[in-house]
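Since every read-out is calculated from the coordinates, none of them should be taken as a lab result. The structure presented is a predicted model; accordingly, all values stated were derived computationally and were not measured. Virtual Cβ from ideal backbone geometry, glycine too; neighbours counted across all protein chains shown.
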């Protein structure tokens with residue numbers, strides 16, 4: 001359940017004006033909340049789950065391998081990838097997931113399909129970064145069978161996501177729920193070894209290209 005169920009237009013307008021001078025949550029523009037692992041359970045060869053938080057935002061991410069390498073009748077399949085034979089099925093609120101080679105990795109090492117499910121326990125903003133953080137922790141701890149070894153840690157690493165809320169020509173990192181729902185655009189920048197490998201823009205009312213260029217060079 002969200003901390004804030006619905007924002008009035010007055011609340012959105014107040015936030016939009018306030019962010020030009022300060023963040024109403026007391027954080028600086030470039031200050032992120034800290035990740036916290038609340039539980040890391042059942043990390044075995046076949047499945048894994050993790051509960052993670054960023055302050056008041058809490059989600060649970062679970063992952064299961066299935067023996068069937070094709071996933072059929074996934075209502076989100078077209079949003080996950082253009083490849084209809086992708087072995088990844090996504091369940092939950094994360095609709096802009098890019099697997100960045102994860103599908104090829106699991107197919108190469110084991111003819112499995114993967115089901116990833118996200119449950120939002122409390123939404124105080126930036127569920128997207130939490131999802132990538134949680135999934136990465138599972139992938140680092142889960143064991144797989146490769147063509148050379150059995151029951152070894154996958155050690156597969158997805159990119160790290162950094163989310164920014166853009167208000168006109170201002171931007172803030174790691175927006176909370178109020179900031180997410182008051183901003184003009186949400187920009188997810190995904191980095192691997194400090195290199196940008198993906199940019200996803202959501203809720204794009206207006207996005208100054210100079211702001212985007214500045215975010216890319218951060």
| If we count other beta carbons within 10 Å of each Cβ, what is the order of 124, 176, fewest first? | 124, 176
| Simple label model, 7 Å out from Cα along Cβ direction - residue 160 to residue 64, nm | 3.2
| request: Report the convex hull volume per residue for the stretch 149-218, counting only C-alpha atoms, in Å³. | output: 107
| field | FRET E, pair residue 214, residue 95, Förster distance 22 Å, beta-carbon r, rounded to 0.05 | value | 0.25
| Simple spin-label model, 7 Å along Cα-to-Cβ: residue 20 to residue 169 in nm? | 1.2
| query | What FRET efficiency, computed as 1/(1 + (r/R0)^6) with R0 = 41 Å and r the Cβ-Cβ distance, is obtained for residue 104 and residue 35, rounded to the nearest 0.05? | reply | 0.90
